Structures are given as structure tokens and as C-alpha cells.
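> Sharing a structure, written as C-alpha cells. Questions coming.
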Amino acid sequence: MRFLKDFLHIVALPALLIAAWILWSAQSTSFFVPTLEQMSNAFSTTWTWGRMQSDVFPSVARLIAGLVLSIVIGIVVGLLVGSFRWLRQLMEPTMEFFRAIPPTVLIPVFMLLIGIGDDMKIAVIVLGAVWPILLNTIEGVRSMDEVLSDTSHTYRIDGFARIRYLILPSAMPQIMAGIRQSLSIALILMVISEMFASSAGLGYTIIQFQRSFAIPEMWSGIVVLGLIGVIMSCIFQIVERSVLKWYHGQREMENAG
Amino acid sequence: MTERDLSKGPAPHDDEAVDRERQSRDVHRLETAGGDSFPAGYRVAGLDEATRPDPGAPTASTAQRGATGRKTSTGQAQAVRQRRRTWANRLLGLVGILLFLGIWELLPLLGIVDARYMPPASAAIADLIVKFGDSVFWIAVWDTLRAWAIGMLIAVVAAAILGFIIGSSNFLRKFTNSTIEFLRPVPSVALIPLAVLVFGVGIESALLLIVYASFWQVLIQVLYGVADVDAVAMDTAKSYGLGPLNRIRYVIFPTALPYLMTGVRLAAAVALILAITAQLIIGTPGLGAEIARAQSGGAYTSMYSLVLATGMMGVLINMVTRAVERSVLSWHTSVRSEVK
């Protein structure tokens with residue numbers, strides 16, 4: 001019974017919205033609102049396996065490559081900068097400035113410097129998505145618990161072991177928060193870099209539909225992009241939950257106690 | 001610049017909540033004794049807890065208090081030392097900026113990067129200074145700022161009202177949860193084609209993107225804020241005969257305000273990104289459109305100086321929103337304890 005109620009809560013509003021769209025589009029003559037039939041047609045004819053291979057998968061691959069690079073660079077540089085006080089003070093204003101630059105304006109810059117290939121798009125994603133991770137890692141390393149730090153010193157836990165067992169875990173909640181922000185930035189940059197300079201990819205395809213006034217196809221592209229965003233955030237939540245299991249558990253204990 | 005005194009004030013990153021939360025775990029535990037005050041629905045759906053502000057958090061970190069919580073020296077000596085440290089900080093930060101500019105200056109001069117595509121820093125800065133005397137530049141800045149401000153206003157007002165309505169009803173919260181969770185991660189740039197078709201290159205297209213992107217940031221925070229209302233305070237207000245309106249005014253609103261301000265701060269940064277992006281891609285007038293024009297017209301120095309200008313704008317907006325947050329929340333403990 002309870003399960004059924006929860007299920008209804010989840011499904012009710014989306015179902016209502018979809019029903020409203022179906023009813024409205026059926027009687028509407030608006031050019032911009034496709035009917036259910038048009039949409040399902042557009043979906044099956046547009047997002048075929050061939051299209052997936054030529055446009056969707058390369059885009060997603062670039063996105064993943066950019067994200068992985070940002071995460072690696074962000075964490076490594078962040079650990080380094082966070083561990084040395086002077087380095088942090090030296091770099092902080094510059095990094096804050098870079099973070100404040102809207103990342104999309106770097107697309108024209110990178111087009112000039114690297115061209116319009118895959119590496120440009122990945123570079124743009126990295127340069128936009130790396131800052132939240134980097135700054136959060138620094139902050140995480142900085143705000144490490146002093147007692148823990150002293151204790152591990154006393155036990156002569158140094159070098160790699162210190163990073164592996166002390167610094168990384170204690171900075172992890174913040175690193176994950178940074179990665180969460182980076183996900184949406186990376187997705188935006190993937191789409192924009194393809195809209196701005198490309199002849200293939202998801203962003204290009206969607207803008208192409210719009211230019212040729214293929215409205216149902218365009219809508220289907222928007223839905224695909226939305227789905228990618230939703231899937232990404234789902235995957236992230238699963239990963240976060242397993243990586244930070246100890247942290248959530250610890251907090252729950254403390255909140256309950 | 002954005003340099004801040006590390007010893008006081010919350011960290012500048014928007015996920016500072018995690019940090020503060022960790023620093024204040026014991027305080028938080030006292031406040032929410034008897035379990036987390038979040039409705040179960042949010043937990044399950046995994047709304048990000050990381051972006052929750054922690055209004056009760058003390059701003060002094062464990063590190064500053066010393067591991068044992070003892071004060072390590074007298075207040076005055078500490079203040080002097082801190083002031084000195086602040087100045088050293090600023091100086092080092094300045095050196096960092098100069099270093100960066102130096103590297104940028106050298107890259108094209110040494111021929112590592114083609115000087116045509118990457119003019120030296122001095123050229124870009126000189127160009128920016130020339131632009132400061134140019135009305136075209138200021139019109140572009142004004143266009144960008146206007147789109148940003150209008151978009152923010154619509155998003156914040158709509159999200160705050162909806163957030164209070166949805167947040168104060170358990171049923172509505174459960175009812176809308178799945179839809180909010182689904183719509184939130186949809187990237188706003190996916191709406192670009194729609195915006196172009198419906199609104200063309202007018203400011204409305206930019207507004208659509210800005211409002212969509214910043215709306216969720218604020219809404220989520222307000223929902224957290226309303227959910228965070230202390231049950232005892234609410235019951236007290238009820239037993240003193242406060243009506244629903246007064247309860248909103250004196251209990252719910254003050255609790256949710258810090259959350260709302262966090263949402264506004266997050267939204268301000270996102271809104272600027274979307275404003276510039278819309279101008280860059282769609283061509284609505286503003287700095288982004290100027291950058292696209294400079295790039296396609298081969299005015300590369302101008303492009304770099306405009307990129308610098310957008311960065312400055314971002315820094316400025318960050319500073320202003322943080323200042324506004326501080327003054328709006330001046331009564332709040334999390335800010336009050338900073339002043340001392």
C-alpha cells in the first residue's frame with residue numbers, strides 16, 4: 001500500500017503533464033508544438049543506430065574524456081596546491097579569475113589555438129570543468145581535521161600512504177561536490193562547442209534541425225540532451241553514494257546520536 | 001580582486017556547505033537533535049545535500065580554533081598577526097597574477113604560440129583599456145548586465161514563491177519531487193534551438209535560457225530552507241497564536257532566507273554564463289556577441305580583451321552577490337560571528 005502510494009507520487013505529475021501536452025497538441029495548430037504522433041515518428045526516424053554512432057556516441061565520448069581529464073587534473077593539482085600554503089596563496093586569485101570567466105567564451109579562443117577538432121572540444125570541456133573540482137580539492141585538503149593530521153604524523157604515515165589514507169578521504173566529500181558542479185558545466189560545453197564549431201555531434205544536429213525548421217526532430221533532440229543530463233546525474237549519484245558511503249553513514253550516526 | 005581573508009568568512013566556493021557542515025557537525029547535531037529534519041522523500045531522491053547551506057555553522061574552523069579548542073594567543077596579538085598574514089596573502093596573490101600575465105606575455109614573444117592567434121598580454125590589456133573609453137563596449141556590457149539582471153529577477157521571484165508554496169505542503173513536495181528531479185539536470189543550452197525559433201535573436205531568447213538555468217538553483221535551495229524549519233519554533237509560534245501569514249513572516253522566512261541567498265549566489269554565476277553563451281551562440285546583443293564578432297572578423301586582440309572583460313564581470317558579480325548576501329544576512333549567526 002505504502003509502496004503504491006510512493007509510486008503514485010512519483011508518477012502522477014509527469015503523467016499529468018504528458019497528458020496535458022497530448023491533449024493540447026492534438027487540438028493546437030501551433031507550429032512549435034508537435035503532436036504525440038509527430039514526436040514518436042521523429043524519434044524513430046531521427047535517432048537511429050547510425051545516427052547514434054555518428055553523432056551521439058562521439059559527443060558522449062568527448063564529454064567523458066573531458067570529464068575524466070578534469071577530474072584527474074583537478075584532484076592532482078588540487079592536492080599539490082592544497083598541501084602548500086604559499087602555493088595556494090600564490091595561485092588563488094588567478095584561479096578565482098579563471099573560474100569567473102564564463103567557460104563558453106573560451107571556445108572561440110581555443111578554436112584559434114587548437115583548431116576545431118576533437119582535441120579543441122575536449123580542451124574546452126576540461127578548461128571549463130576543472131575549476132570546481134580543483135578549487136574544491138584545495139579547500140578540502142585545507143580544511144582537513146588537524147587532530148587526524150597530527151595523529152597520522154605521529155604514526156609516521158607519510159608520503160603516498162598519507163595521501164591515500166588521510167588526505168584523499170578527508171577531501172573526498174568536497175571533491176565530489178565539485179565533480180557534481182562540473183558535470184553540468186561539461187555537458188553545457190559539449191553542446192555549445194558543437195553548436196559553435198562542428199559538422200557533427202549532438203549540438204550540431206540539434207541546431208541543424210532548428211535551422212531547417214524540423215520542429216519535431218528538434219524537440220526530440222532536446223529530449224535526448226535532457227535524457228543525457230538525467231542519466232549523468234543518476235550515474236553520479238550512484239557513484240557518489242558508494243564513494244562517500246562512509247561519510248553519509250558517519251553523518252547519519254552523528255545526526256541521530 | 002577576489003582574494004579573501006582565509007581566516008574568516010565562508011569559503012568562496014559554492015560547495016562550501018560541505019566544508020562548513022563538517023566543521024560544525026557537533027553544533028549541527030545539537031540543533032537537529034532527534035534526527036535530520038529533512039523529509040524522507042528528498043533523501044531517497046538524493047537531492048544534493050552538498051549545496052545545503054548550514055545556517056548554524058560557526059565560521060571559525062577547527063584549524064583556527066586549534067585542535068583542542070583553546071585559543072592559542074590573546075585576541076589582539078592574533079588580530080595583528082592575521083592582518084599581517086592577510087597582507088602577505090594579497091602580495092603573494094598579486095605575484096601569482098603577475099606570473100600568469102608574464103607567462104602569457106612570453107608565450108607569443110618566444111614563438112611558442114603564434115602571435116597572430118595569441119597576442120601578448122600587454123596587447124590585450126592595452127586593447128581593454130582603449131575599450132574602456134569606447135561606448136560600443138559599454139553598451140555591450142549594459143546589454144549583458146540587463147539580460148543577467150532581468151533573468152535573475154524573474155528566476156528568483158518565481159522560484160522563491162513556488163518554493164515557499166511547494167515547500168510548505170508535504171503533499172505538494174512529494175507530488176512534484178520526481179518532476180523537479182527530472183527537469184533539473186536538463187541542460188539549459190538544450191533549449192537554445194527552441195529559444196531561437198520562438199524569440200529569434202531578441203533578449204527574450206537569452207532570458208529563457210537564463211531563467212531556466214537559475215530557476216532550479218534557487219528553487220532547490222528554497223525547498224531545503226523551508227524543510228529546515230525548526231519544529232519547536234513552529235509549534236511555539238502556533239501556540240502563541242500566530243496566524244499562517246505571520247508564521248511565514250516570522251518563522252519560515254527567516255529560516256529559509258540563508259538558503260535562498262545561497263541559491264541566489266549560485267544562480268548569479270550560472271545566469272552570467274548563460275547570458276554570455278546566448279549572446280555567443282544566438283547573437284543576442286552583448287559581450288558574447290562582441291566576442292563572436294571579433295573572432296569571425298579576425299580581431300583577435302580584441303577577442304582576448306573581451307574575454308578578460310567577461311572574467312572581470314564574473315569576478316565583480318561574485319563579489320557583489322557575496323556582499324549582498326552578507327548584508328541581507330547580517331542578523332544571522334553565520335555572518336554575525338564573523339564580524340566580532
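The values are calculated or read from the model by the stated rules, or taken from the named source; none is laboratory data. What you are looking at is a predicted structure, and each value in this text was computed from that prediction instead of being measured. No Cβ is skipped: glycine too gets one built from the backbone with ideal geometry, and neighbour counts run over all protein chains shown.
> List the number of the failed condition for A:V243; all other conditions in (1) surrounded by 18 or more Cβ atoms within 10 Å (Cβ to Cβ); (2) in contact (Cβ under 8 Å) with a residue 12 or more places away in the chain; (3) not aromatic (F, W, Y) hold.
For A:V243, the failing item is (1).
> To continue, here is another question. Against the definition (among the small types (G, A, S) and more than 8 Å from chain B (Cβ to nearest Cβ)), how does A:S193 come out, yes or no?
yes
> Sticking with this structure for a sec: Looking only at residues that are charged (D, E, K, R) and farther than 17 Å from A:G78 by Cβ in the range A:141-164, which one is surrounded by the fewest Cβ atoms within 10 Å (Cβ to Cβ)?
Here the answer is A:R156.
> Residues being of a type in the set (S, T, N, Q), more than 21 Å from A:V191 (Cα to Cα) and facing chain A (nearest Cβ under 8 Å): count how many of those fall in the range B:287-306.
Step one: list which residues in the range B:287-306 are of a type in the set (S, T, N, Q), which gives B:295-296, B:301-302, B:305.
Still in the running and more than 21 Å from A:V191 (Cα to Cα): B:301-302, B:305.
Cutting the leftovers down to facing chain A (nearest Cβ under 8 Å) gives us none.
Of the residues in that region, 0 qualify.
> Here's a follow-up. If I filter the range B:316-333 down to residues being surrounded by 19 or more Cβ atoms within 10 Å (Cβ to Cβ) and within 12 Å of chain A (Cβ to nearest Cβ), which single residue comes out as nearest to A:T94 (Cα to Cα)?
B:N318
> Could you go through the range A:5-23 and let me know if any residue there is over 30 Å from the mean Cα position of the chain (by Cα) and surrounded by 13 or more Cβ atoms within 10 Å (Cβ to Cβ).
Yes - at least one qualifying residue is present in the range A:5-23.
> Would you be able to tell me the number of residues in the range A:185-223 that are of a type outside the set (G, A, S) and closer than 24 Å to A:S70 by Cα?
Matching residues across the range A:185-223 total 12.
> Among the residues of the range A:31-51 satisfying the criterion of being exposed (fewer than 14 other Cβ atoms within 10 Å of the Cβ) and of a type in the set (A, V, I, L, M, F, W, C), which is nearest to the chain's Cα centre (by Cα)?
A:W49
> Another question about this same structure. If we scan the range B:171-188, do we find a residue that is assigned to a helix (DSSP H, G or I), crowded, with 17+ Cβ neighbours inside 10 Å, more than 9 Å from every other protein chain (Cβ to nearest Cβ) and in contact with a Ser or Thr (Cβ under 7 Å, 6 or more places away or on another chain)?
The answer is no, given that none of the residues of the range B:171-188 is assigned to a helix (DSSP H, G or I), crowded, with 17+ Cβ neighbours inside 10 Å, more than 9 Å from every other protein chain (Cβ to nearest Cβ) and in contact with a Ser or Thr (Cβ under 7 Å, 6 or more places away or on another chain).
> Here's a follow-up. Pick out the one residue from B:F137, B:F132 that is more than 14 Å from chain A (Cβ to nearest Cβ), closer than 21 Å to B:G311 by Cα, touching a residue at least 40 places away in the same chain (Cβ under 8 Å) and among the hydrophobic types (A, V, I, L, M, F, W, C).
Every option except B:F137 fails the conditions.
So that you can scan it fast, the table gives a plain yes or no per residue for (1) on the phi > 0 side of the Ramachandran plot; (2) within 7 Å of chain B (Cβ to nearest Cβ); (3) touching a Lys or Arg at 6+ places or on another chain (Cβ under 8 Å):
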residue: A:F98; (1), (2), (3): no, no, no
residue: A:I101; (1), (2), (3): no, yes, no
residue: A:V126; (1), (2), (3): no, no, no
residue: A:A129; (1), (2), (3): no, no, no
residue: A:G159; (1), (2), (3): yes, no, no
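> Consider B:L219 carefully, then state whether it is touching a residue at least 60 places away in the same chain (Cβ under 8 Å) and surrounded by 22 or more Cβ atoms within 10 Å (Cβ to Cβ).
Values: touching a residue at least 60 places away in the same chain (Cβ under 8 Å): yes; surrounded by 22 or more Cβ atoms within 10 Å (Cβ to Cβ): yes.
Answer is yes for this residue.
> Would the range A:63-84 turn up any residue that is loosely packed, with under 13 Cβ neighbours inside 10 Å and either within 14 Å of chain B (Cβ to nearest Cβ) or in contact (Cβ under 8 Å) with a residue 60 or more places away in the chain (or both)?
Scanning the range A:63-84, I find at least one residue that is loosely packed, with under 13 Cβ neighbours inside 10 Å and either within 14 Å of chain B (Cβ to nearest Cβ) or in contact (Cβ under 8 Å) with a residue 60 or more places away in the chain (or both), so the answer is yes.
> Another question about this same structure. Could you tell me which of the residues A:S25, A:S30, A:S40, A:S44 is within 14 Å of another protein chain (Cβ to nearest Cβ) and polar (S, T, N, Q)?
After applying the criteria, what remains is A:S30.
> Let me ask another. If a residue has to be surrounded by fewer than 22 Cβ atoms within 10 Å (Cβ to Cβ) and modelled with pLDDT under 90 to count, how many in the range B:222-236 make the cut?
Number satisfying all stated conditions: 7.
> Looking at A:I167, A:I235, A:I175, A:I138, which is the one that is over 18 Å from the mean Cα position of the chain (by Cα), at pLDDT 90 or above and either in a helix (DSSP H, G or I) or surrounded by 21 or more Cβ atoms within 10 Å (Cβ to Cβ) (or both)? First the steps, then the outcome.
Details: A:I167 fails: at pLDDT 90 or above; A:I235 fails: over 18 Å from the mean Cα position of the chain (by Cα); A:I175 fails: over 18 Å from the mean Cα position of the chain (by Cα).
Matching residue, one of A:I167, A:I235, A:I175, A:I138: A:I138.
> Test A:L227 against the criterion of being within 30 Å of A:I107 (Cα to Cα), more than 7 Å from chain B (Cβ to nearest Cβ), within 22 Å of the chain's Cα centre (by Cα) and of a type in the set (A, V, I, L, M), and give yes or no.
When the stated conditions are applied, A:L227 passes them.
> Which of the residues that make up the range B:113-126 are assigned to a helix (DSSP H, G or I) and crowded, with 19+ Cβ neighbours inside 10 Å? If you could, list the steps in order and put the result at the bottom.
As a first pass, look at the range B:113-126 and keep what is assigned to a helix (DSSP H, G or I): B:121-126.
Passing the criteria: B:A121, B:A124.
> While we're on this one: Only one of these conditions is not met by B:V264: (1) in contact (Cβ under 8 Å) with a residue 12 or more places away in the chain; (2) crowded, with 20+ Cβ neighbours inside 10 Å; (3) within 13 Å of another protein chain (Cβ to nearest Cβ). Which number is it?
Failing condition for B:V264: (3).
> Next up: Can you confirm whether B:G133 is out of contact with any Pro (no Cβ under 9 Å at 6 or more places or on another chain) and over 24 Å from B:A256 (Cα atoms)?
So B:G133 fits the description; yes.
For every residue, the table says whether it meets (1) in contact with a Gly (Cβ under 8 Å, 6 or more places away or on another chain); (2) among the small types (G, A, S); (3) farther than 15 Å from A:P103 by Cβ.
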{"site": "B:Q279", "(1), (2), (3)": "yes, no, no"}
{"site": "B:A294", "(1), (2), (3)": "no, yes, yes"}
{"site": "B:G297", "(1), (2), (3)": "no, yes, yes"}
{"site": "B:M313", "(1), (2), (3)": "no, no, no"}
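> Could we say that B:I166 is buried (at least 19 other Cβ atoms within 10 Å of the Cβ) and among the β-branched types (V, I, T) here? Before you say what the answer is, go through the steps one by one.
Details: buried (at least 19 other Cβ atoms within 10 Å of the Cβ): yes; among the β-branched types (V, I, T): yes.
Taking the combined requirement at face value, the residue satisfies it.
> Of all the residues that make up the range B:276-286, how many are at the interface with chain A (Cβ under 8 Å from one of its Cβ atoms) and touching a residue at least 60 places away in the same chain (Cβ under 8 Å)?
Final tally of qualifying residues: 3.
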